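These notes concern the structure reproduced below.
The values are calculated or read from the model by the stated rules, or taken from the named source; none is laboratory data. Computed from a prediction, not measured in an experiment: that's the story for all the values here. Positions of Cβ are generated from backbone atoms using ideal geometry, with glycine treated the same way; all protein chains shown enter the neighbour counts.
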Amino acid sequence: MTLHDDNPRPPCPRCHSTYILKNGSTHHKKQKYLCKNCHYQFIDSPSKKYITPSETQLIHSCLLERISLAGISRITNISLTSVHRIVKSFLRQVPCHIEAQDTSDGDFNLECDELWSFVKSKLNPVWIWVALERSSRKIVGLHFGSRGRDSTQAFWDSLPSEIRDCATVYTDLWKSYIGVIPEEAHQRSRKGSGQTSLVERFNNTIRQRCSRLVRGSLSISRRWFNHERLIWHFVHNYNASLDSA
C-alpha cells in the first residue's frame with residue numbers, strides 16, 4: 001500500500017516498504033517518517049548512513065581477519081566512528097570463558113604455551129596463556145596477564161576442574177609452571193621437541209589472523225578490554241570451526 005500526497009514519501013531503508021507515514025520533524029526541521037511495516041523511523045537522505053544487519057555482520061567477520069578498524073571502515077564504506085561503535089557494542093557480548101568440554105573419555109593431553117603481546121606500548125606487555133587439547137585441537141584454557149607465577153596459577157585455576165584432575169600437561173621449560181602444575185601430570189620439554197607443536201602452531205595462526213598480534217603492525221591495542229575481547233572472539237570462532245570441520 002502506498003500513501004499519496006503532493007510530496008511522495010521515500011521507501012523504508014530497512015524493509016523497503018512503501019507504507020510510510022509522516023512522523024513529525026527533527027530539530028533541524030527535517031521531515032521524519034515512520035514505516036508502518038517494520039516501525040522503523042527515518043528521514044530522507046540522512047547525513048548518517050543506515051547500517052544494515054548484513055553490514056554489521058561483515059564488520060564482525062572482518063574482526064577475525066588481519067584487518068585494522070580503519071581498514072574495515074574503508075572496505076565497508078562505513079565511517080570509522082560507526083565501526084568503533086559497532087565493534088564496542090559487539091565486544092561487550094563476547095563471553096570470556098570456554099564452553100564446557102566433553103569429559104566422557106576422562107583422558108586429556110594438554111599443550112600449554114605463552115604468547116607475547118602488548119597494550120598501548122611494548123613497555124606494557126600482556127602474556128596470553130593458552131591451553132590446547134590434543135585430540136580435539138580445541139583451546140580449553142585462556143588467560144591474560146604477566147609471565148610470572150601468579151598468572152601461571154590463575155591460568156591453571158581457570159581450567160575446568162574435570163580437565164585439571166585427569167590431564168597430562170606438556171609445556172616448555174619456563175620456570176613458572178613448576179609447582180603450579182602437579183608434578184605427576186607435568187611433562188616439560190625443550191622447544192623443538194614436538195611436544196608443544198600444536199599449541200605453537202595455534203600461536204602462529206592467531207598472530208597471522210589478528211592484526212594487533214602481528215609483530216611490527218600499526219594496528220595496536222590501546223585498551224585492555226578491546227585486546228582481551230577480540231582475542232576471545234577469535235578463540236570462540238576457532239573452536240567452532242573445528243566442530244564444523
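In this structure, is S241 of a type outside the set (A, V, I, L, M), touching a Ser or Thr at 6+ places or on another chain (Cβ under 9 Å) and in a helix (DSSP H, G or I)?
Against the criterion (of a type outside the set (A, V, I, L, M), touching a Ser or Thr at 6+ places or on another chain (Cβ under 9 Å) and in a helix (DSSP H, G or I)), S241 does not qualify.
Yes/no per residue for (1) in contact (Cβ under 8 Å) with a residue 24 or more places away in the chain; (2) surrounded by fewer than 19 Cβ atoms within 10 Å (Cβ to Cβ); (3) within 28 Å of the chain's Cα centre (by Cα):
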residue: F155; (1), (2), (3): yes, no, yes
residue: T171; (1), (2), (3): yes, no, yes
residue: S176; (1), (2), (3): yes, no, yes
residue: R188; (1), (2), (3): no, yes, no
residue: R201; (1), (2), (3): no, yes, yes
residue: R209; (1), (2), (3): yes, yes, yes
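Does at least one position in the range 69-86 carry a residue that is farther than 30 Å from R223 by Cβ, over 18 Å from the mean Cα position of the chain (by Cα), of a type in the set (S, T, N, Q) and at pLDDT 90 or above?
Within the range 69-86, none of the residues are farther than 30 Å from R223 by Cβ, over 18 Å from the mean Cα position of the chain (by Cα), of a type in the set (S, T, N, Q) and at pLDDT 90 or above.
Looking only at the range 30-61, which residues are of a type in the set (D, E, K, R) and outside any strand (DSSP E or B)?
K30, K36, D44, K48, K49, E55
Answer yes or no as to whether I59 is outside the structural domain of I178 (by TED's automatic domain parsing) and modelled with pLDDT under 90.
In short, no.
Loosely packed, with under 15 Cβ neighbours inside 10 Å and without any contact (Cβ under 8 Å) to a residue 24 or more places away in the chain, is that true of S193?
Yes; evaluated as a whole, the condition is true for this residue.
Kindly indicate whether R134 is touching a helix residue (DSSP H, G or I) at 6+ places or on another chain (Cβ under 8 Å) and within 24 Å of L242 (Cα to Cα).
It is true that R134 is touching a helix residue (DSSP H, G or I) at 6+ places or on another chain (Cβ under 8 Å) and within 24 Å of L242 (Cα to Cα).
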